[in-house]
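The values are calculated or read from the model by the stated rules, or taken from the named source; none is laboratory data. Values in this document were obtained by computation on a predicted structure and should not be read as measured data. Glycine also receives a Cβ, built like all others from the backbone with ideal geometry; neighbour counts cover every protein chain displayed.
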Amino acid sequence: MIRLVALLAVSLALVAAPPSVARADQTTEARRLFEQASRARDAGHWSEARSLLERSLAASPRFSTAWNLATALERTDDTVGALELLLDVQAGRHGPVTDAERASLAERVAELSRHVGTVVVVVDAPGADVRVGDRPPVRADASGRATVRVEPGALPISVADHGRRATRRVDVGAGTVHEIEIALPPPIEGPRQASAPRPRRRAEGGPSPWIWVAVGAAVVAGGALAVGLAAGGGEDEPVDADFVAPAI
């Protein structure tokens with residue numbers, strides 16, 4: 001409980017602090033996490049180093065952190081994740097990149113790309129969710145294309161859009177690009193609503209149904225009165241009855 005209160009107090013202090021102070025605190029935290037990750041790496045604990053580096057990068061995006069995280073991803077058998085991270089770094093999503101760093105990135109991206117396969121799924125439903133193997137789902141763009149980087153091997157493909165589904169399998173080789181067209185089944189029409197039955201028309205010259213309703217009400221009322229008199233009470237008794245007029 002005391003630890004929870006302390007964490008809440010720190011969080012509130014960071015929110016209330018000026019932006020420059022909050023950034024300084026984040027930088028300090030990122031450096032602390034990076035140093036812990038370095039010690040975990042030296043001990044051969046790559047999974048722990050990966051987790052710490054992910055947190056450090058989230059606290060303060062830096063080229064050096066992302067570069068080392070890519071190494072940790074490779075060492076934990078996530079070559080695809082390492083490649084996608086470095087592509088994000090190339091695009092400037094983790095801080096500015098110098099010319100020397102950009103050259104190193106290009107060389108490393110080329111090396112990783114030789115060990116990763118690419119699947120391009122073309123589906124007749126823009127916005128459909130496309131999943132290849134165990135990678136996170138990717139949404140097809142306006143032209144119905146979805147690009148997914150995967151580890152080589154025989155992988156299932158599933159496409160889903162508003163209840164419609166289609167599946168395939170594909171053999172992906174390292175450094176190759178596979179383009180597959182998938183057509184979803186047509187939409188399933190909902191069950192037709194049964195039209196309401198037409199009311200029966202009474203025979204010409206016959207009595208109106210409302211007459212029978214009135215007669216029935218009178219009979220029920222008379223019966224209730226008779227029962228009350230026979231009981232000797234003679235007082236009005238509550239009658240729980242709702243009369244619903246039939247459809248005309």
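Checked against the criterion of being without any contact (Cβ under 8 Å) to a residue 60 or more places away in the chain and within 23 Å of the chain's Cα centre (by Cα), the stretch 60-73 has no qualifying residue. When Val109, Val97, Val120 are checked against the criterion of being more than 27 Å from Ala30 (Cα to Cα) and hydrophobic (A, V, I, L, M, F, W, C), Val120 stands alone in meeting it. Say whether the condition of being touching a residue at least 60 places away in the same chain (Cβ under 8 Å) and of a type in the set (Asp, Glu) is met by at least one residue in the stretch 125-143. Taking every residue of the stretch 125-143 in turn, none turns out to be touching a residue at least 60 places away in the same chain (Cβ under 8 Å) and of a type in the set (Asp, Glu). Set side by side, the residues Val116, Val138 differ, and just one is within 25 Å of Pro186 (Cα to Cα) and of a type outside the set (Asp, Glu), which is Val138. Scanning the stretch 31-48 for residues that are surrounded by 16 or more Cβ atoms within 10 Å (Cβ to Cβ) and either within 16 Å of Ala70 (Cα to Cα) or within 31 Å of the chain's Cα centre (by Cα) (or both) yields Leu33, Phe34, Ala37, Ala40, Arg41, Trp46, Glu48.
Table: residues versus (1) basic (Lys, Arg); (2) surrounded by 11 or more Cβ atoms within 10 Å (Cβ to Cβ); (3) at pLDDT 95 or above.
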{"residue": "Pro96", "(1), (2), (3)": "no, no, no"}
{"residue": "Ala142", "(1), (2), (3)": "no, no, yes"}
{"residue": "Ala146", "(1), (2), (3)": "no, yes, yes"}
{"residue": "Ala174", "(1), (2), (3)": "no, yes, yes"}
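Among the β-branched types (Val, Ile, Thr), without any contact (Cβ under 8 Å) to a residue 60 or more places away in the chain and either in contact with a Ser or Thr (Cβ under 9 Å, 6 or more places away or on another chain) or outside the structural domain of Asp25 (by TED's automatic domain parsing) (or both), is that true of Val120? No.
With respect to Asp88, determine if the residue is at positive phi and either outside the structural domain of Ala174 (by TED's automatic domain parsing) or of a type outside the set (A, V, I, L, M) (or both). When the stated conditions are applied, Asp88 does not pass them.
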